[in-house]
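Participant: A single structure is presented below for examination.
The values are calculated or read from the model by the stated rules, or taken from the named source; none is laboratory data. Nothing here was measured: the structure is a model prediction, and the numbers come from that model. Neighbour counts run over all protein chains shown; Cβ positions are idealised from the backbone, glycine included. The protein model used for the area step is the full one, side chains on, heavy atoms only, and it has no ligands, DNA or RNA in it. Shrake-Rupley method; radii C 1.70, N 1.55, O 1.52, S 1.80 Å.
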Amino acid sequence: PFADQTMALRVSAFSRTDAGYIDRTNGQKDVNEAKVEGGRVAFNWLINNDWKLSAFALTQKVESQGSTLVDLDAQTLRPLYGELTQKRFTEEPSSASLDVANITLNGQIGGFELVSSTTVQNVDASQGMDGSYGYGVALGAAFGLPDLGIQYAQSTSTHRVSQELRLRSNAFDDKLDYEGGLYYTKEDNTNRIPGFRPFSTTTGRDYPLPSIVKASIDSSYKEYSVFANATYA
């Protein structure tokens, strides 16, 4: 607390390593080990006897250099290379991040209690994949390259904004409670594959092939609503 006990601030942060448990046939150990970092800031302000402001922002990020997928026999569904073991020709880095911020204002306007809440949120994720066994085999047959490997990545993002305004009051000696308000949210999403990287699983060198795949799916969403509620006892 500070400013003569009218304001308060809290800051926290953390960093940890989540242990890996997936090995690779080339001798790499614990490739799915993940680094997790984040933090949060919270602030409260007692503006006066009728008004109060609360705000917070938090962030978190997870990064890893390997997936948790294990190769199985298609018929028996048993691991091809042993328990918790995978075979890869390229790295499979992944990351995911979350950022959220909110400001809430509580106040008194005449005989009404006002609440205004504004939230902004961002979610981003990226996953690198070794597609040598699927795309590599199919495209290798088409291009006459038996050792064709494919590395690709998929990235997604969501940006969301929401706003709520609410008024509440009572009447008839507190026998009637009633409230009404407005709500709005807008969300933008992207889902993209920037392209395939063709390479030789024998030498690791890139193959000079034409651009094979690029994909993008973008979407947006909006919602508006008016609501009211009343209770009489």
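Participant: Confirm whether Asp99 is modelled with pLDDT of 95 or more and more than 23 Å from Tyr152 (Cα to Cα).
Facilitator: yes
Participant: Could you say which residue among Leu139, Leu145, Leu182, Leu167 is at pLDDT below 95 and in contact with a strand residue (DSSP E or B) (Cβ under 7 Å, 6 or more places away or on another chain)?
Facilitator: Leu139
Participant: Right, next: Which residues, counting only those in the range 116-174, are part of a strand (DSSP E or B) and of a type in the set (A, V, I, L, M, F, W, C)?
Facilitator: Those that are part of a strand (DSSP E or B) and of a type in the set (A, V, I, L, M, F, W, C): Val120, Val123, Ala125, Met129, Leu148, Ile150, Ala153, Val161, Leu165, Leu167, Ala171.
Participant: Continuing with this model, one more query. From the set of residues in the range 168-183 that are open to solvent by less than 70 Å² (accessible area, probe 1.4 Å) and of a type outside the set (S, T, N, Q), which is nearest to Asp124 (Cα to Cα)?
Facilitator: Going through the qualifying residues, I end up with Gly181.
Participant: Would you confirm whether any residue within the range 83-98 is over 28 Å from Arg160 (Cβ atoms), in contact with a Ser or Thr (Cβ under 8 Å, 6 or more places away or on another chain), aromatic (Phe, Trp, Tyr) and without any contact (Cβ under 8 Å) to a residue 60 or more places away in the chain?
Facilitator: Looking through the range 83-98, none of the residues is over 28 Å from Arg160 (Cβ atoms), in contact with a Ser or Thr (Cβ under 8 Å, 6 or more places away or on another chain), aromatic (Phe, Trp, Tyr) and without any contact (Cβ under 8 Å) to a residue 60 or more places away in the chain.
Participant: Every residue in the range 118-146 that is in contact (Cβ under 8 Å) with a residue 12 or more places away in the chain and open to solvent by less than 30 Å² (accessible area, probe 1.4 Å), please.
Facilitator: Gly128, Asp130, Gly131, Ser132, Gly136
Participant: Here's a check for you: in the range 144-180, which residue that is hydrophobic (A, V, I, L, M, F, W, C) and within 29 Å of the chain's Cα centre (by Cα) is nearest to Phe199 (Cα to Cα)?
Facilitator: Filtering first and then ranking leaves Ile150.
Participant: Mind checking which pairs have a first residue in the range 208-233 that is basic (Lys, Arg) and a second that is open to solvent by 80 Å² or more (accessible area, probe 1.4 Å), Cβ under 9 Å, 6 or more apart or different chains?
Facilitator: So the pair list comes out as Lys214/Arg192; Lys214/Pro194.
Participant: Determine, yes or no, whether Glu164 is charged (D, E, K, R) and crowded, with 16+ Cβ neighbours inside 10 Å.
Facilitator: When the stated conditions are applied, Glu164 passes them.
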